[in-house]
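So the structure is just underneath, and the comments pick up after that.
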């Protein structure tokens, strides 16, 4: 196994037996692939990379809002999957375990202050580029749509508000708004109760809506 400072392994050329293992990897579950990885199968690791490398990069990007940082953290995530394959126990879904590793890495990086994610409210929420936008949903209770100028100002205010949310509220909001994860899975990833997740999301949304109320009152006063 690699040392801690090495990149996640793209292993040496596969033997003929491993090529045969790779051929049927699409039919294997994540847990079966992890079992093979624990036994030293390079093909199993490559299969997991093929399935989840892009989703994990997207997941990390939602936290970091920086492509290079997201790729580095995704790489470290798979490094830890590789190193810990023999200790993995399929108590929860593999993806819950995988994203918990990625989330913890992202949260720790944000706490270091090296990067502060800035969520664009005018980007689609979730992986679907045609998906709804956070700012649209926040403004859905308003009597009339926001004008272009109001929209730009609202985005600036709410971006600041998101940036200043408590870490736990901000990261939970990312999982809900960008990844559309069920509350139960988010609770497992972050190691808290479903009730705590619901409360974090409720408080975060209330804070963001208050920013829109501030915008409206400023507009009326002006």
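A convex hull fitted to the Cα coordinates of segment 20-111 yields 88 cubic angstrom per residue.
How do 55-66, 27-38, 85-96 rank on mean C-beta neighbours within 10 Å, highest first?
Top to bottom by mean Cβ count within 10 Å: 55-66, 27-38, 85-96.
Sorting the segments 99-107, 199-207 by their residues' average number of neighbouring beta-carbon atoms within 10 angstrom, most packed first, yields 99-107, 199-207.
Take each peptide in 188-196, 67-75, count the other Cβ atoms within 10 Å of every residue, and average; sorted highest first, the result is 67-75, 188-196.
All of the numbers you see were taken from the coordinates with simple rules; none came from a lab. From a predicted model like this one, the values you see are computed outputs, not experimental measurements. Positions of Cβ are backbone-derived with ideal geometry, glycine not excepted, and every protein chain shown enters the neighbour counts.
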